[in-house]
Amino acid sequence: MSPPNANEELAHPGSGEKDVAEMAITDVDVKPAQARDDVYDHAERIAYAPEEGARVLRKIDLILLPLLCGCYIFPFLDKTLLNYSSIFGLQTALHLTGSMYSWTGSIFYFGYMLGSIMWSKLVQRFPRHVGKLISGAMVVWSAIILLTPLVTNFAGLMVNRFFLGIMESITGPIFVVVTSNWWTRNEQSFRTAFWLGGTPIGNFIGGCLSYALGSIHTSFPTWKLFYVFFGSFSFAFALLLAFLMPDHQGNARWLTPRERKIAVERVRENQTVSGDHHWKWNQFWEALRDPQTIMFFITAIGNTMPSTFASQFSSQIVKGFGFSAVQTTIISTCPAATIQLSTFLIFSYLASRMRNTRLWWSLVCSVPPLIGASLLHALPTSNTAGRLAGYYLTYTHTMSFTFSTSLMASNYAGHTKKTTASGIIFVGWAAGLIAGPQFFLADQAPNYQMAFEMLMVCYALMIVLPLLQIWWYTHENARRDRLAQTHDDGDVVDGSELEFTDKSDFERWRTFRYTM
């Protein structure tokens, strides 16, 4: 982690749009047809009024955020279809016995793990085609969903789920890069929470639609109806995505030529955006040894092991409280989704208004789930109200990974390092989701005592890890401040480190400070 040669050229961090507005206007023609590296590498500074920057930000938020959010809503719906359909005849129809159902959940994340590595490499190799990669992957996974009713046995479902995991894994690694490239570091926390908010929105929509579809009585099996209905909606959204999702600022058809230039200029000071897409082995090894990668990796595992509780087993657990299958679809989803979405909006807003507080809010959001898991584990089965309250309390836990994702976008610089670290962390995310279902033993259903013990351990870990990260970021920022003072040689600064050069956060040690 030692800094590079102290005599290398320095760059002072900029001070926002005010500085940019005072610079001379340079006319740079950023045409939609230009390659991504032209958009960044040859982007000269331009001046723009604050109201112009605000207008461009509104456009980006209005178009890009709903697209990213939708890309999270539909994968979540697709993943949880297994959860909904499990109480409407899928297990019986496909003859799933013993631990087979748990393995249909785990196999998805084996595919997800493989896909995270694959997509990270593809983003690194084809950064100018990000929009096409996302929309293409969504078309394929929608087709997989639509083909699911043709599955007739356990083996077929395992193959189906494995390839679904590969295709849906594109969202994690790519969205971290997209967030970093389109929004400033101060804006990233709330925007990350917004697109990750697709999870509770999908949970709410899925519960309502499952209730409606589950109430329909036809000769066509209800569980198959779920897949046809949701798969069709996913496919329609994929077509919309192909039309509106840009690869980069230079080919955003919903921005004017000048607005494209402003969109690029806005993220100049991030020091995390680069037009250089060549593979750099030094950044690859740097990502592996970076302490924050290790901490994010552990956070991903600790956060997602409990996630299978909501995505795969919540219907069975809540039905075990004494509710019917149709009642369960509403009781297990809508209140929980409301709590989850409210948590996303409230705490992401607080984090965006209070600098360097994301990790503190992450810690706070992990306390209610620890209490909830303890209630589920300790209360007798006869205490339905208490256990249901405990179940709802666990739904604030996803906020910790939301903050981690926004910090990943803010605290990694260098294209190879960012994509490598993102891939590693989402492998950890998948590993947690592979391991999670194995704690839900069939012979313990619907109480799952071993699983509730796992939840308590993971939620406790999510309280400790943010404290460790806060300590490391504080220590590292202070160390860089001391080194910068020690090696201050009085050279004239040309601002090169604030340009779109492909330097890592370690290489930018004089100007790059980590956010918390």
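The values are calculated or read from the model by the stated rules, or taken from the named source; none is laboratory data. Just so we're clear, the structure is a prediction, and the values are computed from it rather than from any experiment. Virtual Cβ from ideal backbone geometry, glycine too; neighbours counted across all protein chains shown.
Hey, any hits in the stretch 352-371 for a residue that's more than 20 Å from L465 (Cβ to Cβ), of a type outside the set (S, T, N, Q) and in contact with a helix residue (DSSP H, G or I) (Cβ under 8 Å, 6 or more places away or on another chain)?
Yes - at least one qualifying residue is present in the stretch 352-371.
Out of the helices (runs of 4 or more DSSP H) lying entirely within the stretch 393-491, which hold 3 or more residues that are farther than 21 Å from W195 by Cβ and among the polar types (S, T, N, Q)?
Numbers: elements: 399-411, 415-435, 449-486.
Output list reads 449-486.
Collect the residues in the stretch 52-102 that are assigned to a loop (DSSP other than H, G, I, E, B) and either of a type in the set (A, V, I, L, M) or crowded, with 18+ Cβ neighbours inside 10 Å (or both), keeping them in residue-number order.
Listed by number, the residues that qualify are I87, F88, L94, L96.
Quick check on the stretch 298-342: of everything there that is without any contact (Cβ under 8 Å) to a residue 24 or more places away in the chain and small (G, A, S), which residue is farthest from L81 (Cα to Cα)?
Of the stretch 298-342, the ones without any contact (Cβ under 8 Å) to a residue 24 or more places away in the chain are 323-324, 327, 342.
Restricting the remaining residues to those that are small (G, A, S) gives 324, 342.
Working: S324: 18, S342: 23 Å.
Only one residue tops the list, namely S342.
Just name the residue that is modelled with the lowest pLDDT out of those in the stretch 86-134 that are of a type in the set (A, V, I, L, M, F, W, C) and farther than 28 Å from L239 by Cα.
Of everything passing the filter in the stretch 86-134, I87 is modelled with the lowest pLDDT.
Give the stretch 346-360 a look and list any residue that's surrounded by 15 or more Cβ atoms within 10 Å (Cβ to Cβ), touching a residue at least 40 places away in the same chain (Cβ under 8 Å) and assigned to a helix (DSSP H, G or I), or say none.
F347, S348, A351, S352, R358, L359, W360 - these are the residues of the stretch 346-360 that are surrounded by 15 or more Cβ atoms within 10 Å (Cβ to Cβ), touching a residue at least 40 places away in the same chain (Cβ under 8 Å) and assigned to a helix (DSSP H, G or I).
Please identify the pairs in which a residue from the stretch 76-104 that is among the charged types (D, E, K, R) has its Cβ atom under 6 Å from the Cβ atom of a residue that is modelled with pLDDT under 75, counting only partners at least 6 apart or on another chain.
Matching pairs, first to second residue: K79/S311.
Just to be sure I understand, how many residues within the stretch 238-251 are part of a helix (DSSP H, G or I) and buried (at least 18 other Cβ atoms within 10 Å of the Cβ)? Working first, answer last.
To start, the set of residues in the stretch 238-251 that are part of a helix (DSSP H, G or I) comprises 238-244, 249-251.
Now narrow it down to the ones that are buried (at least 18 other Cβ atoms within 10 Å of the Cβ): 238, 241, 249-251.
The number of residues fulfilling the criteria is 5.
Return the pairs, sorted by first residue and then second, in which the second residue is hydroxyl-bearing (S, T, Y) and outside any helix (DSSP H, G or I), the first residue lies in the stretch 369-397 and is within 18 Å of M462 (Cα to Cα) and touching a residue at least 40 places away in the same chain (Cβ under 8 Å), the beta carbons are less than 7 Å apart, and the residues are 6+ apart or on different chains.
H397/S366
Would you mind stating whether A336 is under 22 Å from the mean Cα position of the chain (by Cα), more than 25 Å from N411 (Cβ to Cβ) and of a type in the set (A, V, I, L, M)?
yes
I need a count of the residues in the stretch 25-71 that are over 30 Å from I205 (Cβ atoms) and at pLDDT 85 or above.
Final tally of qualifying residues: 8.
Can you name the residue in the stretch 134-152 that is in contact with a helix residue (DSSP H, G or I) (Cβ under 6 Å, 6 or more places away or on another chain) and hydroxyl-bearing (S, T, Y) and is also nearest to F162 (Cα to Cα) among such residues?
Selected residue: T148.
Out of F284, F220, report the one residue that is at pLDDT below 90, aromatic (F, W, Y) and outside any helix (DSSP H, G or I).
F220
Scan I174, I166, I144 and give me the residue that is in a helix (DSSP H, G or I) and under 28 Å from I339 (Cα atoms).
Being in a helix (DSSP H, G or I) and under 28 Å from I339 (Cα atoms) holds for just one of I174, I166, I144, which is I174.
What pairs come up if the first residue lies in the stretch 230-252 and is among the acidic types (D, E), the second is assigned to a helix (DSSP H, G or I), and their beta carbons are under 9 Å apart, counting only those six or more places apart or on different chains?
Short answer, once both residue conditions are applied: D247/R36; D247/P127; D247/R128; D247/H129; D247/V130; D247/G131; D247/K132; D247/L133.
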